[in-house]
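Trainee: Input: one structure, supplied below.
A short reminder: the numbers here are calculations on the coordinates, not readings from a lab. If you're wondering where the values come from, they're calculated on a predicted model, not measured in any experiment. Because the Cβ atoms are built from the backbone with ideal geometry, glycine has one as well, and the counts that use them run over all protein chains shown.
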Amino acid sequence: MPSARILIVEDEPVTRLEIAGRLQGLGYAVVGTACAGEEAVHKAGEIRPELVLMDISLASDLDGIGAAAAIRERFAIPVVYLTADSQPETLERAKITGPFGYLVKPFDNADLHSTIEIALYKHQIDKRLQQSEDRYRTIFENAMVGIYRSTPEGRFVSVNAALAGMLGYDSPEQLMDGVRSIELQIYADEDRRAEFLRLLRERGSVEHFESQVFGRDGDALWISESARLLCSNDCWHIDGTVIDISARKEAESAYKSTFELLDRTIDAIPDLVAVTDLDGHIILANAAFARTFGLSKDEVRAHRYQDLVHGSDASSPVNEESRQRIVRPLNLEGSFQETASPFKDLQGVIIGTVRVLRAVADSVGCS
């Protein structure tokens, strides 16, 4: 796997060189450095790194926060802040720019590596979700509902232009002339058509029946079909509407792939990692976490994080900021550094927490 390409923005020459050396030692490619905000924005556009390490307090007209905002808006490149300034007003300004992580100076290589890896994968997840949403929105905004009447035996009696276009035909007449058997020519799975007819006969109507179908050129798409079985002049017919849901299916597949990617990613982390929802229920955990608590990865999702780690009396509210503390988990020997970071959706709303437990020396005090 190619090493990530990183741009360092730091106005202290010695610190800049030291960070570059550490990054190279961790296997990353340092593709450029900058010492001022304006230079950082220019180089980000020119080099297009995969991630920017940005010192918040730059001695230039455009500080690190302003530079990060410009880089995100113009180039959608993830930024991790480097800071020794923990003043609330500074952090409030920084939060608005949507950073992918913070590193408080001084930091060790383990923190540097884990922060970069999480930022890179979170950006990859966000990008995939955004692409899926964009595709879904484009198709949805241009979607037209197909309307048809057919016989139970599988011949179209009438169709509208929207359905014809959905299935790749130039006109309703071409669709009706070209399709002699809906079951054999339209449905990818003949059994779905049989199930559709069975439900119609039993209930008289079907809503949101999803099937994969073939268009004129053999392209597969997913449809949601709602229909009624009606009788007119002693003849039974089916009146129905069809919506193309291919985008939704693609988005669902993308979401599944994204979480599978996240699952594989956190499995490679030796620390104990768990992702929880707002109620503290574990929705994802790495193999190290599950193994440490004597559970499988499936079994661990039946538990609340607080119950496993701290006991049911403990509570840990989700905050905007990442938090660290030293804890002694139940049924585990030794002390652990616990890091809790908010997990946000694409709109910046907190939807859960990423929690990391790392073993530390027992000489460190617990809180």
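Trainee: What distance in nm separates the two pseudo spin-label positions at Arg198 and Val145, each 7 Å out from Cα along the beta-carbon direction?
Mentor: If labels sit at Arg198 and Val145, their model points lie 2.8 nm apart.
Trainee: Further question: Please give the FRET efficiency for Ser3 paired with Asp219, using the beta carbon to beta carbon distance and R0 = 41 Å, rounded to the nearest 0.05.
Mentor: 0.60
Trainee: Now, a different point. Would you kindly calculate the mean projected area, averaged across all directions, of the convex hull enclosing the Cα atoms of region 269-360, in square nanometres?
Mentor: Over all viewing directions, region 269-360 projects a mean Cα-hull area of 5.7 nm².
Trainee: Let me ask another. Could you work out how much longer the chain between Glu183 and Arg323 gets when fully extended? Use 0.36 nm per residue separation minus the Cα distance between them, nm to one decimal.
Mentor: Extra length available between Glu183 and Arg323 comes to 44.6 nm.
Trainee: On the Cα set of region 1-99, report Rg and Dmax in Å, please.
Mentor: My reading of the Cα-based Rg and Dmax gives 12.6, 39 Å.
Trainee: May I ask for the Kirkwood hydrodynamic radius of the chain, worked out over all distinct Cα pairs and given in angstroms to one decimal?
Mentor: Here the Kirkwood hydrodynamic radius works out to 24.6 Å.
Trainee: How big is the charge dipole of region 269-360 about its Cα centre, in debye rounded to the nearest 20, if each Lys and Arg gets +1 on its Cβ and each Asp and Glu gets -1 on its Cβ?
Mentor: 220
Trainee: While we're here: Can you give the calculated 222 nm mean residue ellipticity of the chain, where each DSSP H run of n ≥ 4 adds -39,500 (n - 2.57) and the sum is split over every residue, rounded to the nearest 500 deg cm²/dmol?
Mentor: So the helix-based figure for the chain works out to -12000 deg cm²/dmol.
Trainee: Next question. How are the Cα pair distances of region 143-248 distributed, in percent, across 10 Å bins from 0?
Mentor: 15, 54, 28, 2
Trainee: So for the pair His208, Gln124, with labels modelled 7 Å out along Cα→Cβ, what separation do we get in nm?
Mentor: Placing both labels 7 Å along Cα→Cβ, they lie 3.3 nm apart.
Trainee: Determine the alpha carbon to alpha carbon distance for each of Lys122/Lys297; Lys95/Lys249; Lys297/Lys344; Lys43/Lys256; Lys105/Lys256; Lys122/Lys249 and list only those over 28 Å.
Mentor: Numbers: Lys122/Lys297 21 Å; Lys95/Lys249 34 Å; Lys297/Lys344 23 Å; Lys43/Lys256 35 Å; Lys105/Lys256 37 Å; Lys122/Lys249 22 Å.
As for pairs spanning more than 28 Å Cα to Cα, those are Lys95/Lys249; Lys43/Lys256; Lys105/Lys256.
Trainee: Beyond 18 Å, what share of the Cα-Cα pairs of region 53-165 remains, rounded to the nearest whole percent?
Mentor: Everything past 18 Å amounts to 65 percent.
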